[in-house]
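So the structure is just underneath, and the comments pick up after that.
The values are calculated or read from the model by the stated rules, or taken from the named source; none is laboratory data. No experiment lies behind these values; they were computed from the predicted model shown. Cβ placement follows ideal geometry from the backbone for every residue including glycine, while neighbour counts extend to all protein chains displayed.
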Amino acid sequence: MANTKQSAKRARQGEKNRQHNVALRSRMRTAIKSVLKATEEGNAEAAAKAYKEAVPQIDTLVNKGLVHKNKAARTKSRLNTRVRSIGS
């Protein structure tokens with residue numbers, strides 16, 4: 001329990017920010033899953049479209065500091081490899 005008004009406010013802000021970060025992370029994971037689903041179905045056009053929508057979501061979280069840049073690069077690379085493997 002917060003002892004001062006300042007610490008109570010910081011606790012409220014922290015919880016609000018945590019909820020926001022959870023929502024952003026969830027949005028990114030959903031975008032990644034949509035790419036994976038499209039690749040598993042073998043739909044190259046849908047996979048490419050889902051990939052193009054997922055990349056900005058991933059990059060946004062890197063800029064906000066929620067995902068490490070190397071993890072984002074690795075994820076995008078793996079997704080792109082899957083998308084390109086469908087076309088051939």
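Looking only at region 28-50, count how many residues are part of a helix (DSSP H, G or I) and either surrounded by 14 or more Cβ atoms within 10 Å (Cβ to Cβ) or in contact with a Ser or Thr (Cβ under 7 Å, 6 or more places away or on another chain) (or both). Quick ask: steps written out before the conclusion?
Of the residues in region 28-50, the ones part of a helix (DSSP H, G or I) are 28-41, 44-50.
Now narrow it down to the ones that are either surrounded by 14 or more Cβ atoms within 10 Å (Cβ to Cβ) or in contact with a Ser or Thr (Cβ under 7 Å, 6 or more places away or on another chain) (or both): 28, 31-32, 34-36, 38-39, 44, 46-50.
Total satisfying the criteria: 14.
Which of the residues spanning region 20-33 are touching a residue at least 12 places away in the same chain (Cβ under 8 Å) and within 8 Å of the chain's Cα centre (by Cα)? Let's see the steps before the verdict.
Initially, region 20-33 is screened for residues touching a residue at least 12 places away in the same chain (Cβ under 8 Å), giving 21, 24-25, 27-28, 31-32.
Answer for region 20-33, where residues must be touching a residue at least 12 places away in the same chain (Cβ under 8 Å) and within 8 Å of the chain's Cα centre (by Cα): LEU24, ARG25, ARG27, MET28, ALA31, ILE32.
Here's the yes/no breakdown for (1) in contact with a Phe, Trp or Tyr (Cβ under 6 Å, 6 or more places away or on another chain); (2) surrounded by 13 or more Cβ atoms within 10 Å (Cβ to Cβ); (3) in a helix (DSSP H, G or I); (4) touching a residue at least 24 places away in the same chain (Cβ under 8 Å):
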site	(1), (2), (3), (4)
THR60	no, yes, yes, yes
LYS71	no, no, yes, no
ARG74	no, no, yes, no
LEU79	yes, yes, yes, yes
Of (1) surrounded by fewer than 11 Cβ atoms within 10 Å (Cβ to Cβ); (2) in contact with a His (Cβ under 8 Å, 6 or more places away or on another chain), ASN17 fails just (2)
For region 15-31, the count of residues that are within 13 Å of LEU61 (Cα to Cα) and among the β-branched types (Val, Ile, Thr) equals 1
With criteria (1) at pLDDT below 95; (2) buried (at least 16 other Cβ atoms within 10 Å of the Cβ), ALA2 comes up short on (2)
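Does ASN17 satisfy the criteria of being farther than 18 Å from SER85 by Cα, in a helix (DSSP H, G or I) and either touching a residue at least 60 places away in the same chain (Cβ under 8 Å) or of a type in the set (S, T, N, Q) (or both)?
Values: farther than 18 Å from SER85 by Cα: yes; in a helix (DSSP H, G or I): yes; either touching a residue at least 60 places away in the same chain (Cβ under 8 Å) or of a type in the set (S, T, N, Q) (or both): yes.
Yes: the conditions hold for ASN17.
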